[in-house]
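Below is one structure, written out as structure tokens, with a few remarks after it.
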Amino acid sequence: MRRLSPVTSTGTTTEQFPVRVFGGPTALLTYGGLTFLTDPTFDGPGTYGDGSGPELAKTAPASATPAELGRVDVVLLSHDEHPDNLDHAGRALLADVPLVLTTPGGGRRLGGAAKGLADWETVELTRPDGGTVTVTAAPAVHGPGTREEVEPVTGQVVGFVLTAPDLPAVYVSGDNASLDAVRQVAERFPAIDTAILFAGAPRIPVVFDGAALVLDSASAAEATRILDARRVVPVHYNSWSHFSEGLDELVAAFTAAGLADRLDLG
């Protein structure tokens, strides 16, 4: 039986590459001696919107502040256009990060240290102790349907795969609702060890008739089966009012699928 990884009293896993989650889509991953931060959101509770579109409400603060993170080497930003993936404090944090990997459009909008990646494009990062970590951009679709149908409404999104010769592979899904995209990742990377899956089934009634814009809990469990991931760290399921499913639904879905032992809630 595959078991959950041990977790310290600080909520950080003690595996070969620990993951610390902060709420929303934000997690800190140490891999190959480098520190990666996903979709930084560190504002306090509040609302976002200028009246031209749906208003989003953040309901809980992150469990840490940017000042408490220590050095961040790379931000893995699934997209820059929505505040539940990059809020005001998250944007401010980017100025202190040497490299931000994101969508091609996001790279142009953010400028500075931001680099946009097309599907399957790679970046080689030098590890502190020698060697490299390869970051590969993975396809993602932020809503129901094909990319061509979805992107005009919700914009470009990208996921990431981290690999190194001596380390198991890590997949960061980003705001992806497509199991076909997950299958493409599994075909190219048949040995995913850890998947950081964005879930929560966010729904906005006026967008795609309220369909889930990111994986729901049952789909997250199916993505785990497709990837055959040993460990799944779920994110993007709390702290925002438009997330329609939370931890209870995730645990129930993984239990029903016989995959509860893959969940790492550290």
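When the helix-only estimate is applied to the chain (DSSP H runs of n ≥ 4, each -39,500 (n - 2.57), divided by the residue count), what is the mean residue ellipticity at 222 nm, nearest 500 deg cm²/dmol?
Working: 6 runs with 53 residues, N = 266.
Helices in the chain give a 222 nm mean residue ellipticity of -5500 deg cm²/dmol.
Between ALA195 and residues 5 or more places away or on another chain, which pairs have amide H atoms under 5 Å apart, with H built 1.01 Å from N, and which residues are they?
Residues meeting the criterion, in which the H sits 1.01 Å from N, are TYR171, ARG231, VAL232, VAL233.
Please report the antiparallel percentage of the DSSP beta bridges confined to region 136-266, to the nearest 5. Walk me through the intermediate numbers first.
Details: 9 of 19 bridges.
The answer is about 45 percent antiparallel.
Taking 1 over the mean of 1/r across every pair of different Cα atoms in region 53-98, what Kirkwood radius in Å do you get?
Details: mean 1/r = 0.0830 Å⁻¹.
Hydrodynamic radius (Kirkwood, Cα pairs) of region 53-98 is 12.1 Å.
Counting C-alpha atoms alone, how compact is region 114-194: give Rg to one decimal and Dmax as a whole number, in angstrom.
So, for region 114-194, Rg and Dmax equal 13.6, 44 Å respectively.
Ranked highest first by the average count of other Cβ atoms within 10 Å around their residues, in what order do 239-246, 194-201, 71-78, 141-148 fall?
On the way: 239-246: 19.5, 194-201: 28.6, 71-78: 22.5, 141-148: 18.0.
Sorting 239-246, 194-201, 71-78, 141-148 by mean packing, highest first, produces 194-201, 71-78, 239-246, 141-148.
Please report Rg over Rh for region 19-78, where both radii come from the alpha carbon positions and Rh follows the Kirkwood definition.
Numbers: Rg = 13.4 Å, Rh = 12.7 Å.
We get a ratio of 1.05 for region 19-78.
What are the ³J(HN,Hα) couplings of region 53-61, residue after residue, when phi is run through the Karplus curve with 6.51, -1.76, 1.60 and θ = phi - 60°? Round to Hz, x for glycine and proline.
Karplus values, whole Hz, x for Gly and Pro: x, x, 8, 10, 10, 8, 10, 8, x.
Given H placed on each backbone N at 1.01 Å, which residues far from GLY159 in sequence or on other chains put an amide H within less than 5 Å of it?
The list, which skips near neighbours in sequence, is ALA138, ALA140.
Using modelled backbone amide H atoms (1.01 Å from N, in-plane), which distant-in-sequence or interchain residues come within less than 5 Å of LEU99's amide H?
Result for LEU99 returns VAL75.
About the Cα centre of the chain, how large is the charge dipole given +1 on each Lys and Arg Cβ and -1 on each Asp and Glu Cβ? Please answer in debye to the nearest 20. Mind showing how you got there, number by number?
On the way: 18 positive and 33 negative charges, 108 e Å.
Dipole magnitude for the chain comes out near 520 debye.
Compute the distance from the alpha-carbon center of region 189-213 to that of region 93-136, in whole Å.
What the calculation gives is 22 Å, centre to centre.
Label points 7 Å out from Cα along the Cβ direction at TRP120 and THR132: separation in nm?
Simple spin-label model gives 1.8 nm for this pair.
Using the Karplus curve 6.51 cos²θ - 1.76 cosθ + 1.60 with θ = phi - 60°, work out ³J(HN,Hα) for each residue of region 173-178 in order, rounded to whole Hz, and write x for Gly and Pro.
With the stated coefficients, region 173-178 comes to 6, x, 6, 10, 10, 9 Hz.
Semi-axes, largest first, in whole Å: what does sqrt of 5 times each Cα gyration tensor eigenvalue give for region 211-266? Don't skip to the end; give the middle numbers.
Working: eigenvalues 66, 28, 20 Å².
So the three semi-axes of region 211-266 are 18, 12, 10 Å.
Among LEU259, PRO18, THR103, whose Cα lies farthest out toward the positive end of the dipole of the chain, if unit charges sit on the beta carbon of Lys, Arg (+1) and Asp, Glu (-1)?
Of LEU259, PRO18, THR103, it is PRO18.
On full extension of the chain, what length is gained from GLU149 through ASP228, given 0.36 nm per residue of separation minus the C-alpha to C-alpha distance?
On the way: separation 79, 0.36 × 79 = 28.44 nm, distance 2.87 nm.
Taking 0.36 nm per residue and subtracting the Cα distance, the gain is 25.6 nm.
Report which label in [x] 0.93; [y] 1.22; [z] 1.02 holds the value of Rg/Rh (Cα atoms, Kirkwood Rh) derived from the coordinates of this structure.
Recomputing Rg/Rh (Cα atoms, Kirkwood Rh) here picks out [x].
Every number in this text was worked out from the coordinates using simple rules, so none of it is lab data. Small disclaimer: the values here were computed from a predicted structure and weren't measured. Ideal geometry is used to build each Cβ from the backbone, glycine not excepted, and the neighbour counts take in all protein chains shown.
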